[in-house]
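Report on the following structure.
The values are calculated or read from the model by the stated rules, or taken from the named source; none is laboratory data. Values in this document were obtained by computation on a predicted structure and should not be read as measured data. Glycine also receives a Cβ, built like all others from the backbone with ideal geometry; neighbour counts cover every protein chain displayed.
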Amino acid sequence: RNFEGLFETQVRPSEGSGIEAFASRAFDASLNWKDIEWLRSITKLPILIKGILTREDALKAVEAGVEGIVVSNHGARQLDYSPATITVL
C-alpha cells in the first residue's frame, strides 16, 4: 500500500518504459552529500550508502562519514545500462 500508484505497470512502446518518469517521481534530485550531516543529526544508527559506482563517490561517502558502502548497480532491473558491479570493483 505504501507504494500504491508509484510504479507504472504498463509499458507503452511508443512512450518507452517510463523509467525517466519513474525516476523523476521517485528520487529527490536535490539530495547531496551535506544531507548525510542532517541524517547523522537525527540517528545514531550506522549510515550505509548503496549504489556507489565510482572511486570518487566512494571517497566522498567516506569523507561524509558513512559507515559502509554498498557497490551496486541496483540489480540492473530498471538500470540495465549501468555497469556491472564486478566491473566497477
When only residues in region 23-48 that are β-branched (V, I, T) and either under 14 Å from the mean Cα position of the chain (by Cα) or surrounded by 10 or more Cβ atoms within 10 Å (Cβ to Cβ) (or both) count, which is nearest to G68 (Cα to Cα)? I47
Region 29-59 - residue that is in contact (Cβ under 8 Å) with a residue 12 or more places away in the chain and either touching a His at 6+ places or on another chain (Cβ under 8 Å) or of a type in the set (V, I, T) (or both) and, of those, farthest from T85 (Cα to Cα): I36
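What residue, among those in region 54-89 that are modelled with pLDDT of 85 or more and of a type in the set (D, E, K, R), is nearest to the chain's Cα centre (by Cα)?
In the first step, residues of region 54-89 are kept if they are modelled with pLDDT of 85 or more; the result is 54-70.
Right, trim to of a type in the set (D, E, K, R) and you get 55-57, 60, 63, 67.
On the way: R55: 16, E56: 16, D57: 12, K60: 15, E63: 18, E67: 17 Å.
So the residue we want is D57.
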